[in-house]
Amino acid sequence: MGNRHAVLSLSTLLSLVLCFPLSAQKNQQQPGQQPSNLQQSVPAPTLRVTSSLVFLDVTVLDKKGHPVVTGLTKDDFTITEDKKPQRIFSFEPPEVHTINARSSDGNPEGKAPVTILVLDLLDSSFEDFAYIRYSTRKFLLAQPEQLTSPAEMLVVGNQSLDMLQGYTRTRADLLYALDHLPAALPYKHMSGSFFWERFAQSIDALQQIALQNRGIPGRKNIIWIGHGGPNLYLETIAFPATMAEKLREYVHLTTNMLVDSRISLFVIYPGLSVGEVGFSLSAEQAQMIIGDNDPFSGDINFGLFSNETGGRLFYNRNDVDAEIKRSEQLGAIYYTLTYQPDYVDPDGKFRRVRVSLRDPSLHAVTKAGYYAPDAKAIINVQQQQMIKLADAIHAAIPFNSLSLSLGNVVRHPDSRTAEFTVFLHSINLDFLPTEDGKDSVPLVIAAASLSNDRNVLASRVQHTTLTTASQDLTRLPIVASHFQLVVPFPKRTRTIRIAIEDQNGGRIGTAELDRTLIDAAPEAPTPAPQLMPTTPLPAAAQNQN
């Protein structure tokens, strides 16, 4: 913009939710110098696990590791919480976990488990991600044309979590989404400077998936194809005590969100070697027996998340498509038990849940427990904002607290994506001073392709920060910033809805693109991927036009 006193810059770097000094790390890749735009705290968890019913989706395995499908009743199971026996309130055998015959193609109703395929570009090398795409396609081609239960596909990219295809039972929909996934260079994996961003983005992706599925009944199985976020060693890094505690609170919140949404995490490492030392430890900890203490008291990695949620981690195998199928099978054959604790002490501590069987030759696999509410916890503003933004995307009414408009629409038929410009007006943006003497406002940008009944067919969410050096915020230009978005639009898309939230003031604005406008837009090939800088740039140094 021409006015040098009111220039705004849009930082496309992810706004992290944690900040720690980088020192005393061992047995892992050094992440490099700490980026300057990291936030200074992590909100404490406020997910309230009260004395309501606790759901346990239990896979029972025999001595050979095969699922036990029939022959068990409620009397064959025993549940304890912190070693205290619990009365089983309800019991469902595997045969009732089937799709509702009246369910529409993309509606995950009934008691059938759903599958969430997550392709991990963020934490994979270029060669590994090519193999991930190949193996996922091979798995899908082996499935029937109509899947036995709904599945969706997401990709964790360099800057955002994108839903390539929402829940569907049509195999062709998933194959099309996979085949038209635009090429991208995993620049954050290529540079150790992005260690902290990869860590936060990976765990944030788990939170977003849990939030997306919070109202859907039944079990959900995330099949995460890739290494997940880098391993973090809490006991070997010289963190200040308060920072380590905030990290644990962040992980406890994520765990409870997964548990509350009845999600199990299956992780598949591509190739015959786990590579980095951190991934090797993650693989080992995925197999360990969780004791009575907090499973995340020492390390944080995806192996522990898979173990805690009743999933599994596969590694040192070259048949990734077979491991995807194995994950789907383990997550599809299960018993559901519920119980109601008499009292949950609000001390924020881990509650160890165990399920045993009368037959000692059988082994129960389920979530390891949950974290009790903490009476001293502060309100989790971040989680509340995520929920508000999700509601704004699904709503049919406009949100006008922020003013935005869309234009310059271009279709990319080769990837079935729409590219357009978002014009964000400065009115109602809540700029706050920063330490460098400027003013900034952190934003969350969500975009979703919606069907006629407002179901999400594809989506992406990313964080960004708007900064200004203006000394007079009352004289900002009408359009504070404009930037490009690219959003997939599956064939059942009827509208693309954009929601932007000002994280300082909590205001939300929305705008929509009707399918008729997208179909009438000019065509162009999908732009080739560009290699991004290997080190993060300060926000003020970017987009200074």
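The values are calculated or read from the model by the stated rules, or taken from the named source; none is laboratory data. Since the structure is predicted, the reported quantities are computational estimates derived from the model, not experimental observations. Cβ atoms come from the backbone with ideal geometry, glycine included; neighbour counts cover every protein chain shown. Keep in mind that these areas ignore ligands, DNA and RNA; they rest on the heavy atoms of the full protein, side chains included. Shrake-Rupley method; radii C 1.70, N 1.55, O 1.52, S 1.80 Å.
Structural remarks
- Interchain or long-range residues, amide H under 5 Å from Leu457's placed H: Ser449, Leu450, Ser451
- Loop-located GluC sites (Glu not before Pro) across region 116-163 with a Cβ neighbour count of 11 or fewer within 10 Å are Glu145, with loop assigned by DSSP.
- Proximal aspartates and glutamates relative to Lys491, as straight alpha-carbon distance under 15 Å, when same-chain residues fewer than 8 apart are discounted: Asp105, Glu152, Asp173, Asp179, Asp414, Asp453, Asp514, Asp519
- In this structure, the residue pairs whose Cα-Cα separation is over 26 Å, taken from Lys64/Lys325; Lys63/Lys325; Lys74/Lys111; Lys74/Lys325; Lys220/Lys376; Lys188/Lys438, are Lys74/Lys325; Lys220/Lys376; Lys188/Lys438.
- Taking a sphere under 13 Å around the Cβ of Val251 and counting the other residues whose Cβ falls inside, with K and R at +1 and D and E at -1, yields a net charge of -4.
- Simple spin-label estimate for Asn318 and Phe89 in nanometres, 7 Å along Cα-Cβ: 5.0
- Taking other residues whose beta carbon is less than 12 angstrom from the beta carbon of Ser135, and scoring Lys, Arg as +1 and Asp, Glu as -1, yields +1.
- Cα-based reach from Lys83 at 14 Å (exclusive), listing aspartates and glutamates while leaving out same-chain residues under 8 positions away: Asp292, Asp342
- Highest mean packing first, where packing is the average number of other Cβ atoms within 10 Å per residue, the peptides 296-308, 214-226 line up as 296-308, 214-226.
- With a cut-off of 14 Å on the backbone N, the residues of region 320-343 near the modelled label site 7 Å out from Thr148 along Cα-Cβ are 325-335.
- Only one residue of Ile300, Leu313, Gln329 has its Cα farthest out toward the positive end of the dipole of region 298-337, where Lys and Arg carry +1 and Asp and Glu -1 on Cβ, and that residue is Gln329.
- Against the empirical 2.2 N^0.38 Å (N residues), region 336-451 has a Cα radius of gyration ratio of 1.76.
- Heavy atoms of the protein chains alone define the surface here; on that basis region 160-274 has 25 Å² accessible area per residue at 1.4 Å probe size.
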